[in-house]
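Notes for the one structure printed next.
Read-outs: derived from the displayed coordinates by stated rules, not from any lab. Computed from a prediction, not measured in an experiment: that's the story for all the values here. No Cβ is skipped: glycine too gets one built from the backbone with ideal geometry, and neighbour counts run over all protein chains shown.
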Amino acid sequence: MADDDATISVTGDAILPVSTDVAWLRLVIVTEGKTASDAMGASNARITIVLDTIRETEPKLPEMVTEVERTLDPVFHEEGGLHGYRLHRVMRAQMPPEAAGVLLDVAIMAGAGPGSGIIWGLRDPSFARGRVTEAALAVARANAYVAAAALGRELLELRAAEVDCTVPVESTGLIFATGRARVSYAHRAV
């Protein structure tokens, strides 16, 4: 292999915590009724109370509310006869992360049930993607210099670079951006 065809190829990994800029309250509403429409009516009333209580606390919030899950199941007596219906609904109420903790407390006190919580997220993950890409490339570049020095070589121009990164747009905990860069440099003997 000619010296000018020689390359050193290395990888570099980076993991960066990401500050969230949006939160969604996950509001679980479970109601029962003798009929399916009774269960639906009770559910609608409970959701109205929960959302109105949130708006009384913070009039401009939530920014948006969507229903993400709905399950209607019959409930039977022990003897096997129909007792009524149970409606399980999950609503997502979008807001700034700073307001989420207090408003979750408010929602629980107003009637949101077990399983309710906060989901943290990013409105636009592109900034985090750029940061983790830069960090992974910097680690790969440093690894290339270390490898070259260990081999008694000098790095020349960059021949190839490839970066894979992942930035979750939401999480129930912290959000971490991860990146892996693969770089190849031409090199020569020192």
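So here's what we get for this one:
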read-out	value
Degrees between helix 126-150 axis and first principal axis of the chain (Cα, 0 to 90, nearest 10)	30
In degrees, nearest ten, helix 36-57 long axis to first principal axis of the chain (Cα)	60
Most fluctuating residue given options PRO62, PRO17, PRO74, as computed from a GNM of the chain linking Cα atoms under 10 Å	PRO74
Residue of ARG129, ARG141, ARG159 that the Gaussian network model of the chain assigns the largest fluctuation, springs spanning Cα pairs under 10 Å	ARG159
Segment LEU82-GLU63, extension gain: residue separation times 0.36 nm, minus the distance between their alpha carbons	2.9 nm
Spacing of the two label points (7 Å from each Cα toward its C-beta) at ALA189 and ALA45, in nm	8.9
Reciprocal of mean inverse Cα separation for the stretch 24-121 (Kirkwood radius, Å)	13.9
Cα pair count fraction exceeding 26 Å, expressed as % - the chain	55
LEU151 paired with VAL169, simple spin-label distance in nm, labels 7 Å along Cα-to-beta-carbon	4.1
Which of SER171, SER37 has the fewest Cβ neighbours within 10 Å, and the rest in rising order	SER37, SER171
Relative contact order, percent, the chain [alpha-carbon distance under 8 Å, six or more residues apart]	35
Calculated diffusion of the stretch 105-190, Stokes-Einstein form, Kirkwood radius summed over Cα pairs, 37 °C and 0.692 mPa s, µm²/s	205
Estimated inter-spin distance, VAL102 and SER9, nm [label 7 Å along Cα→Cβ]	5.5
